[in-house]
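Below: the structure, in structure tokens.
Derivation of every value follows stated rules applied to the coordinates shown; laboratory data play no part. The shown structure was predicted, so the numbers you read here are calculated from the model rather than taken from an experiment. Neighbour counts are summed over all protein chains in view; Cβ atoms, including those assigned to glycine, are modelled from backbone coordinates with ideal geometry.
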């Protein structure tokens, strides 16, 4: 009995995913065909091309691995980063800032007049 229930549930999930992808593909196709030819004089795309664009965008922007809620692009939450920052000594913070500036430039991380206000 339990096996039939699981199979039925799996089929429902598969159907819901298929419907979701069909709707999203249709929406992407409609938006593309409404905006791109008029704004950029670009080509009109078919439904399958729109699904291909979705897959391409997903690959380029995020891959297919799941991302949890509240997590940053490097796999840890912003809260974890804040906690690590609070646990650093002033020397460790300055070392982090200098390495960050070397890599990304001075304009990316402004100097703070006092550390106590942000903690």
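Taking the mean number of other Cβ atoms within 10 Å as a proxy for protection, how do you rank 82-93, 41-52 from highest to lowest?
41-52, 82-93
I need the shape label for the stretch 1-64. Rule: rounded when a/c is under 1.5, else prolate if a/b > b/c, else oblate, with a, b, c from the alpha carbon gyration tensor.
Note, shape of the stretch 1-64 comes out prolate.
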